[in-house]
1. Amide H of A:Gln295 versus every other amide H placed in the peptide plane: which residues, excluding those fewer than 5 positions away on the same chain, fall under 5 Å?
2. Nearest 10 degrees is fine. How inclined is helix A:276-288 to the longest principal axis of chain A, computing both from alpha carbons?
3. Arranged by the count of other C-beta atoms within 10 angstrom, fewest first, what order do B:Glu20, B:Glu307 take?
4. Between segment B:35-89 and segment B:247-267, what is the C-alpha centre distance in whole Å?
5. Assign unit charges at the C-beta atoms only (+1 for Lys and Arg, -1 for Asp and Glu), then state the dipole size of segment A:123-271 relative to its Cα centre in Debye, rounded to the nearest 20.
6. Let a ≥ b ≥ c be the square roots of the eigenvalues of the Cα gyration tensor of the protein assembly as shown; is it rounded (a/c under 1.5), or, if not, prolate (a/b larger than b/c) or oblate?
7. Explain nothing, just the number: relative contact order of chain A, from Cα pairs under 8 Å at least 6 residues apart, as a whole percent.
8. Mind listing the phi-derived Karplus ³J(HN,Hα) values for segment B:115-129, rounded to whole Hz, using 6.51, -1.76 and 1.60 with θ = phi - 60°, and x for any glycine or proline?
Protein chains: 2
Amino acid sequence: MSTTRQIHLVRRPQGAPVAEDFAVVDADLAEAGEGEVLLQAVLLSVDPYMRPRLNADQPLGAPLLGGGIARVVQSRHATLREGDLVRHGAGMQERFVSDGRGLRVLKADPDLPLSVYMHALGGTGITAYGGLLETGALKDGEQVFVSTAGGAVGSVAAQIAKIKGCYVVGSTGSAEKAAWLRDVAGLDAVINYKAEALAPALKAATPKGIDVYFENVGGAHLDAALPRMNLRGRIPVCGMISTYNGGGEGVRNLSALIYSRVRMEGFVASDFGHLNERFEAEMTGWLKGGQVKYQETILQGFERAPEGLIGLFEGRNAGKMLIAVAD
Amino acid sequence: MSTTRQIHLVRRPQGAPVAEDFAVVDADLAEAGEGEVLLQAVLLSVDPYMRPRLNADQPLGAPLLGGGIARVVQSRHATLREGDLVRHGAGMQERFVSDGRGLRVLKADPDLPLSVYMHALGGTGITAYGGLLETGALKDGEQVFVSTAGGAVGSVAAQIAKIKGCYVVGSTGSAEKAAWLRDVAGLDAVINYKAEALAPALKAATPKGIDVYFENVGGAHLDAALPRMNLRGRIPVCGMISTYNGGGEGVRNLSALIYSRVRMEGFVASDFGHLNERFEAEMTGWLKGGQVKYQETILQGFERAPEGLIGLFEGRNAGKMLIAVAD
């Protein structure tokens, strides 16, 4: 019997999560039994969607729900071998034992850094891909607005729209992210909503209206976008980060849905399993060809996972926020 | 040259429209020229959707935009004959001359009162039919919530859902309308939102959640419905009467769209022209068979059109509000 570390939720956050809501806890770790593997966490993901779960299905005193990439360090399993990399949803544990259920072996392309499998080629990437192309039914050359375009999902959605020949406007909350979106990602217009009034800036930036609004924010962002929606426009709803910590503004312009016959529809990454093969092939090509660029904010050390999650709501990430646990 | 009367908008309403925003105006009326007809208004429609137009595309000092049923009283037209009834969109004029464009001859069933062609068999009827069955993609036996179920559109939508074997909950703002919906229209549950708190009442009335919310109100109604939506539920958005006079509450629960993958989509009656033939056949049968019941509030006299429109926002109509101008 050895020990491992886990990140626990120890109380329900009120508003924005704070360090005291979490604890790093030592836990017993059994040996891998017959048919089991012992896994070492390599990379962990922290994502905005984790926030609402902290007041819902996340148990207190148990590992934070989540996933990442781990390496098999000991195997008594029929097909999994020592050294294999796997994707898992086993939550925030430094090492853990598994019977293999819920693990998916990861065949990483040696020409790409492993971390891209946690964002552009991972859950946030297929969220952007499926949300934009399937839920949003994007057509080549349309007018597109992406909120939190500097984030892990938004930055991929905005660049896929550019690849499809669209006119793309992004919003973001810092001058640094705005510069990256304009100069590196190549968006047509970028709005720093902390530096300028969103609604008039969006109006000026969308002279031909908006066909697809990729929605990550809700509240004032949605109210600014609704009057700009074109006939039969679509609003794929990926997230509403403005509402996750409670409070925020109510949305007042929804009647714009009626005359413009706008369709607004929620989705989650797991809706797009049927797109996975096409997504992986296309995204691998776009990454290698430099058509999709990315930023990462990688915190070193398992114990920094709460800091990473908290930082998401303070905009401390550029692109995808990751926790690096081991090489 | 003779004269006619018109209803004009003389100033833009601020908030709820009042009598002083309108005027009954005498206007010159030419004879019907070659290829033209002279028409006498029979019934005029007033509808909630007219309110936002008063601050948008409705010109000042011109007949109120709208439509109704008129009778040809003089014809120099090739196909329209004296005595023909027509549907028109010529606005609020007592008599008027037309070259026939925009007129559709009405073949009224002699076993039905003419007034039903202004609601259940008219624009509000096909709005309910298309919004529920096409935009809402209603399936037999689903869980349905209809707001302002006592109104001209809502009452038809709720009864079509009953015909399709659904469990149907309606909301309305008076005890009289609630009684009609329960006892005459046969809804499964009725909420008088002026007499009880909407959100807990809706939760109690929808133990199996909501598959389709037929949205006429917005604001607090939408916030009450969103947390009750089932996986892949639909919210066809017909109207948002709570917002039309300005003010109203912002909507705070839109993030429920995400995890339940709810689709919310606006529509207007003119989207459903392709359904017209099927709609007229089915609705005629439902009306004759007593499966769709209706209420009407008919004001006698052309000059009462502004009173009718104003009354809509004070809930003074039971079912469809009409203005009877001539027999």
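1. HN-HN under 5 Å from A:Gln295: A:Lys320.
2. The helix A:276-288 is inclined about 80 degrees to chain A.
3. Lowest count first: B:Glu20, B:Glu307.
4. Answer, in whole Å: 36.
5. 320
6. Judged from the Cα gyration tensor, the protein assembly as shown comes out prolate (a/c at least 1.5, a/b above b/c).
7. Averaging sequence separation for qualifying contacts and normalising by length gives 18 percent for chain A.
8. With the stated coefficients, segment B:115-129 comes to 4, 5, 6, 9, 9, 4, 9, x, x, 5, x, 6, 4, 5, 5 Hz.
All of the numbers you see were taken from the coordinates with simple rules; none came from a lab. Everything quoted here is computed from the prediction, not taken from an experiment. Ideal geometry is used to build each Cβ from the backbone, glycine not excepted, and the neighbour counts take in all protein chains shown.
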